[in-house]
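Below is one structure, written out as structure tokens, with a few remarks after it.
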């Protein structure tokens, strides 16, 4: 029966590893979309240098801001002239027709939507809002979050579907193993009363299955991630979901396994 149990463990390990790989692929798509948000900064324009300096100093308190780039009107004009090959650079610089510009880059994270709202609220409530022009890039942010929401929906559908499939496979494989184990043990018992304790190793075997399948998946992820072999992370609660599915299958199987222990071999089996 050792061979049967090893096959059961290998099946469990492969199923959980496969599920973890699918989760990582989904997380990589979602987190990539969040990282892209850092490429779409908020931009504040104003001719009031004092106001712009106050805003810049105020925003330094927010740790979710990746960086703030400040460009004077002269720098902005010179950059535009070089980029687009515009003529009359001297006139533009002397007349200072362009405002100063502040480019605010947020860190790409799952909290970016709320963090952007915090900055927007802060800017909109500024008493000198009429002295600023603000570009929030709402269209491109909304499109990015729409993609993220769609990916999250697909991810949870996959978690539910794969979780149900693995639950059923764990349950059926465990029932098949325990049923076969019960029949073998019944045949080798000399006293029928001893059949009441046939599954004294059920919970010990279960613990081995839990620790092996979830443990290998968890520590394999930790090893590859912290050795910079994986770019994206998996939330710890996902491994708890995997554990919950395995536990649910085990506890569902147990009442059926207890019944197996009371099965008695037929007369024909005893004579054989």
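Observations on the structure shown:
- Between residue 39 and residue 125, the distance separating the two model label sites (each 7 Å from Cα on the Cα→Cβ line) works out to 3.3 nm.
- Using a simple spin-label model with pseudo-atoms 7 Å out from Cα toward Cβ, residue 226 and residue 147 lie 3.2 nm apart.
- The calculated FRET efficiency for the pair residue 54 and residue 180, based on their C-beta separation and a Förster distance of 51 Å, comes to about 0.10.
- At R0 = 41 Å, FRET efficiency that the Cβ-Cβ distance of residue 258 and residue 158 yields, to 0.05: 0.75
- Cβ-based exposure ranking for 111, 116, 60, in which fewest neighbours within 10 Å come first: 60, 111, 116
- Put in line by how crowded their Cβ is, counting other Cβ atoms within 10 Å and starting with the fewest, 155, 2 read 2, 155.
- Here the calculated FRET efficiency for residue 201 and residue 21, from their Cβ-Cβ distance with R0 = 35 Å, stands at 0.65, rounded to the nearest 0.05.
- Backbone N atoms of segment 97-117 closer than 20 Å to the 7 Å Cα→Cβ label point of residue 63 belong to residues 105-117.
- Paramagnetic reach from residue 109 (point 7 Å along Cα→Cβ, amide N under 13 Å) across segment 52-77: 62-67
- Extension reserve of the residue 133-residue 233 stretch, reckoned as 0.36 nm per residue once the Cα distance is removed: 32.3 nm
Laboratory data are not the source of any read-out in this text; all were calculated from the coordinates shown. What you see is a predicted model; the values in this text were computed from it and never measured. Cβ coordinates were reconstructed from backbone atoms using ideal geometry, including for glycine residues, and neighbour counts include every protein chain displayed.
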